[in-house]
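The structure under discussion appears below in the form of structure tokens.
The values are calculated or read from the model by the stated rules, or taken from the named source; none is laboratory data. Given the structure is predicted, the values throughout are model-derived calculations rather than measurements. Positions of Cβ are generated from backbone atoms using ideal geometry, with glycine treated the same way; all protein chains shown enter the neighbour counts. Ligands, DNA and RNA are stripped out before the accessible areas are found, and what is left, the full protein with its side chains, is counted by its heavy atoms. Shrake-Rupley method; radii C 1.70, N 1.55, O 1.52, S 1.80 Å.
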Amino acid sequence: MCGIVGYIGDAKKTKQILLEGLLRLEYRGYDSSGIAVLNKSVTNIVKAKGKIAELQKKIGKEKLEGQLGIGHTRWATHGIASEVNAHPHTSGTTSVVHNGIIENYVELKSELKQKGFKFISDTDSEILAHLVESGLENGKSFTESARGAFKKVKGACAVVVITEREPEKLIVLRNFSPVVVGLGENENYIASDIPAIIPYTNRIVYLEDGDMAIVEKNEVTITDLNGTEVKREEVLVSSDPASFEKGGFKHFMLKEIYEQPRSALDTLRGKISGDFSSIELAGINTKQLNKIKKIITLGCGTSYHSCLIGKLLIENLSRIPVEVSIASEFRYSNPIIDQDTLVIVVSQSGETADTSEALLEAKRLGAKTLAITNVFNSKIARESDQVIYTRAGTEIGVASTKAFTTQLLVFYILSNILGKAKGRISEEDISSNVKSLVGVPLLIEKILKLDDQIKALAQKYNNFNNFIFLGRGLNFPIALEGALKLKEISYIHAEGYAAGEMKHGPIALVDENVPVLFIAPKNGANFTKIIGNLREIKARNGLVIFLTTEKGADEYKEYIDDLIEIPNCDYNISPIATIVPLQLFAYHIARIKGTDIDQPRNLAKVVTVE
Ligand code: AGP
């Protein structure tokens, strides 16, 4: 989705703060961008199609000084990626940047046209500038005009608006789309995502849905849309600015793949007792969990795949029935929920609209809710009854990697906690499972040493146009995830399937032009079945890449074109191990293809529209 930045303070700093902020938000959306700087009461606007680098080129040496300004990097929803559709949008003295969707913009647009307003873009966002300007033209104050405009629009959106008539403030709206205020000394900041402003301040005020903030140089006033002042606490956030640097890696994605031993360790820290004998989830009300009779796990994309694995782990260790739902389907599926249902909502960003809407629906139906998320105080974290944070650190690459493996760790820990609460597993079981968990960082380290081998595989397979990934049990979702990684960064078509499903139709796709990648740890309950599937594929001249544990394929090498062997590990942990070579495989193929790995076409890191 789009990225938003705002600043008020030192006129000499505005341009730089806006541009640096947009660069740190570029992963949120990157098909066009722009900034507006208010110098005394004159607005200077520069917009450009393409990445922020194009905007920087356009600005060149222009000073663009001004006491305040707004910036925007766009992921197009209404209207193609173009300069005219780039934000900020203007109307008379007013300029606005917007993230989200205005559901009633067609009717508002015709009303404004009847009042004589001229539209130049194909976006829904432009109406916000005209709505505010129309209030100002009718003699209303900036605050009243903005409030009037915000009350008229329907839909999830974050808005920042400025006007030449009152050039000493920015007005912000948060309505189901994230935006925060950063506090400084004689200066203040606005951002749709904390990374944009973390180098300047760690003093953050999280706006709530329906909040309108009037941000001046030395004062921030927050009200609801009726003008009643509301109190929002200042929070000190800790975010390591190094997260926003590539640290010597060519891409954030590769850096984050290599950070997985560290992120696993950070996620485990504080959840395993010092003597490695027990597992705890501080802050989780396990008494509430004991009453649970049914669990629903839900998420989108990679987070949905971790939900599929979470189901199997929780059912295996606690015998609590678990349903899995794609978040965007959940809301419209008339779900069966009561007070004994726990809905586990998984989201790296904690801001995905489909997922946060599903969470609100689950709460409306009376479910208990637990979030597994990577972003502190994100919307989903704040809306849930309970939260378990993956401590993966900031994930910049659009393709989710370290967030996924830490989600799996949390699910494994949670399934042990639930299993113990339900009396399904003993202290000895837990102690043995802890040993598996403690070994994960080193296990990933060892698997990362396969990087050169995987890179060579990518050299061999990067010209194919279709791939099939196959797995069974805990590794069927890994087949889905491996296929998603390849699709989203290399733009090559890839399907993930349950290996046993191939013979029911999809095997018709198989010939020598379709590499089939098996994910099959030797200690998988259904390993012999997957060998049967391997023979079926080979009998149809499929090219086989076989990912298994050490010596797992020694008797079957005649069916295998390329073998990837990972160290032996506990089957329940195996998805955390098997996904790493697939992340590297997707990365190296994309690198050979020359695609934009950290910012793949058509995608954004956080999807805040439904
Ligand atoms: C994963 O690589 C994709 N970027 C995408 O599927 C992502 O997992 C999905 O949009 C959900 O995001 P979330 O975890 O932040 O909710």
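Working out 0.36 nm times the residue gap between Q453 and K12, then minus their Cα-Cα distance, what length gain in nm do you get to one decimal?
Values: separation 441, 0.36 × 441 = 158.76 nm, distance 5.07 nm.
Stretched out fully, the Q453 to K12 stretch lengthens by 153.7 nm.
For the chain, what does -39500 (n - 2.57) per DSSP helix run (n ≥ 4), summed and divided by total residues, give at 222 nm, in deg cm²/dmol to the nearest 500? Provide the component values of the computation, followed by the final result.
Values: 19 runs with 212 residues, N = 610.
Estimated from H runs of four or more residues: -10500 deg cm²/dmol.
Per residue, how many Å² of accessible area does the stretch 93-171 show with a 1.4 Å probe? Intermediate results must be reported in sequence, preceding the final value.
Details: 2990 Å² over 79 residues.
Accessible area per residue: 38 Å².
For K287 and S273 in the same chain, what is the full-extension length gain: residue separation times 0.36 nm, less their Cα-Cα distance, in nm?
Extra length available between K287 and S273 comes to 3.1 nm.
Once both axes come from the Cα atoms, what is the angle between helix 527-538 and the longest principal axis of the chain, in degrees from 0 to 90, rounded to 10?
80
Solvent-accessible area of S426, probe 1.4 Å, all protein chains present, reported in Å² to the nearest ten, please.
Here the residue's solvent-accessible area equals roughly 40 Å².
Once the piece of chain linking E233 and K40 is laid out straight, how much longer is it, given 0.36 nm per residue of separation minus the C-alpha distance between them?
Values: separation 193, 0.36 × 193 = 69.48 nm, distance 3.11 nm.
Full-extension gain reported as 66.4 nm.
For the stretch 360-476, give the percent of accessible area contributed by carbon and sulfur heavy atoms, probe 1.4 Å, rounded to a whole number.
On the way: 2040 of 4120 Å².
Ligands and nucleic acids excluded, carbon and sulfur give 49 percent.
Could you give the nm distance between label points at A525 and E280, where each point is 7 Å from its Cα heading toward the beta carbon?
3.3
For the stretch 248-288 and the stretch 477-538, write down the distance between their C-alpha centroids in whole Å.
29
Probe radius 1.4 Å, ligands and nucleic acids ignored: give me the carbon and sulfur share of the accessible area of the stretch 115-164 as a rounded percent. It would help to have the intermediate numbers written out before the result.
Numbers: 840 of 1760 Å².
With neighbouring chains kept in place, the figure for the stretch 115-164 is 48 percent.
Roll a 1.4 Å probe over the protein chains and send me the accessible area per residue for the stretch 306-440 in Å². Spell out each step's value before the answer.
Details: 4380 Å² over 135 residues.
With the other protein chains kept in place, the stretch 306-440 gives 32 Å² per residue.
What ranking, highest mean first, results for peptides 357-370, 109-122 when packing means the other Cβ atoms within 10 Å averaged over each residue? Walk me through the numbers on the way to the answer.
On the way: 357-370: 19.8, 109-122: 13.2.
Descending mean neighbour count gives 357-370, 109-122.
Could you order peptides 522-529, 602-609, 569-576, 284-291 by the average number of other Cβ atoms within 10 Å of their residues, highest first? Kindly include the intermediate steps, with their values, before the conclusion.
Working: 522-529: 14.9, 602-609: 20.8, 569-576: 23.2, 284-291: 13.1.
Highest mean packing first, the order is 569-576, 602-609, 522-529, 284-291.
Report, to the nearest 10°, how far helix 451-461 tilts away from the longest principal axis of the Cα atoms in the chain, using its own Cα long axis and a range of 0 to 90°.
Taking the Cα atoms of the chain, the angle to 451-461 is about 90 degrees.
Please give the Cα centre distance for the stretch 89-120 versus the stretch 411-472, rounded to the nearest Å.
With the stretch 89-120 and the stretch 411-472 each reduced to a Cα centre, they are spaced 50 Å.
For each pair in K115/K152; K13/K63; K446/K529; K402/K485; K271/K363; K503/K529, compute the distance between the two Cα atoms and list the pairs where it is over 18 Å.
Where the Cα-Cα span goes over 18 Å, the pairs concerned are K446/K529; K271/K363.
Quick one: grab the alpha carbon gyration tensor of the chain, order the square roots of its eigenvalues as a ≥ b ≥ c, and give me rounded if a/c is under 1.5, else prolate or oblate depending on whether a/b is larger than b/c. Display every interim value, and only then the final one.
Values: a/c = 2.10, a/b = 1.67, b/c = 1.26.
It comes out prolate by the Cα gyration axes.
Going by alpha carbons, how many degrees (0 to 90, nearest 10) lie between the helix axis of 574-593 and the longest principal axis of the chain?
The angle comes out near 60 degrees.
I need the peptides 308-319, 442-453, 330-341, 87-98 ranked by packing, meaning the mean over residues of other C-beta atoms within 10 angstrom, with the highest value on top. Spell out each step's value before the answer.
Details: 308-319: 21.3, 442-453: 16.9, 330-341: 14.6, 87-98: 26.4.
My ranking of the peptides, most packed first, is 87-98, 308-319, 442-453, 330-341.
Quick one: net charge around D266, please, counting Lys, Arg +1 and Asp, Glu -1 for every other residue with C-beta under 10 Å from its C-beta.
Values: positive: R262, R269, R391, K402; negative: E259.
Surrounding charge for D266 is +3.
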